[in-house]
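The values are calculated or read from the model by the stated rules, or taken from the named source; none is laboratory data. Predicted model, so just to flag it, every value in this text is computed and none were measured. A quick note on method: Cβ atoms are made from the backbone with ideal geometry, for glycine too, and the neighbour counts reach across all protein chains shown. With ligands, DNA and RNA removed, areas are computed over all heavy atoms of the protein, side chains included. Shrake-Rupley method; radii C 1.70, N 1.55, O 1.52, S 1.80 Å.
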Amino acid sequence: MATLDDIVSAAAKVFRTKGYHAATVRDIADEVGLLKGSLYHHFDSKEELLYLVVKEPIAQMYRKMAEIAAAGGRSRPTWRRSTATIRTFLSIFASGSR
């Protein structure tokens with residue numbers, strides 16, 4: 001049986017591969033090995049899955065930016081990790097949307 005983490009990971013993979021707009025709930029269900037209807041048992045919409053996919057990376061980005069501010073903006077490696085997180089997040093929307 002697929003766990004919440006399995007479903008969110010599958011959604012993240014599909015969003016990265018196809019882009020959010022091109023991805024379907026069926027694509028996500030297929031990736032995790034569930035029927036589309038079973039996925040709707042756990043989530044109300046594709047938008048809800050997107051929220052869960054980006055929730056933690058965005059929280060991490062804010063924590064890292066707070067670390068940078070607390071260090072007086074001198075923490076370059078932390079800033080690089082934060083920008084990498086932002087690029088990954090944005091790539092979800094850029095992929096497949098052209």
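Report the gain in length on full extension from Leu52 to His21: 0.36 nm times residue separation, minus Cα-Cα distance, nm rounded to one decimal.
Length gained between Leu52 and His21: 9.5 nm.
Using a basic spin-label model with each label point 7 Å from the Cα along Cα→Cβ, how many nm lie between Asp5 and Ala69?
Reported label-point gap for Asp5 and Ala69 is 3.1 nm.
Would you mind working out the accessible area per residue for the range 16-73, using a 1.4 Å probe, and quoting it in Å²?
Roughly 63 Å² per residue, with all protein chains present.
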